[in-house]
Amino acid sequence: SVAGTLSISVDNNFKDLNFTDVYGEVYRNDVKFADINMAPFSIPKGSSSQNVNVNASLAGGMNLLSLLSLVNNLDINEYTMTIHAKLAIGNGKPHDFSKKHLPLSRLLKPEPLQKNF
């Protein structure tokens, strides 16, 4: 498993959006690759940037050899994400929220890998 921080930058022209119980799956070529869960977070009205804690673990059936083969040929265009959460708009009651097959290439801004040896 891996724990990290995801930086989110959003232009929200609606109302405050409050996400809780956030979890999802990452797929590579429609094969489940990892399970994720995120700490609750809010997106205020207007433009904002914030950091969100994320935990990811390999899906069942994935092993170290599968992971190593991905690292050697990492093409972000092969990955999609499904996300589930409770979403409250403003001070409203939370409702189920789900988005399927979101391309990671549209969600992530790749940063150059930095190797510290």
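Every read-out reported here was derived from the displayed coordinates using simple, explicitly stated rules and does not represent laboratory data. Worth saying up front: this structure is predicted, and the values here are computed from it rather than measured. Because the Cβ atoms are built from the backbone with ideal geometry, glycine has one as well, and the counts that use them run over all protein chains shown.
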Only unsatisfied item for residue 61, checking (1) in contact with a helix residue (DSSP H, G or I) (Cβ under 9 Å, 6 or more places away or on another chain); (2) on the phi > 0 side of the Ramachandran plot, is (1)
From 29, 18, 37, which residue is touching a Phe, Trp or Tyr at 6+ places or on another chain (Cβ under 9 Å) and at positive phi?
29
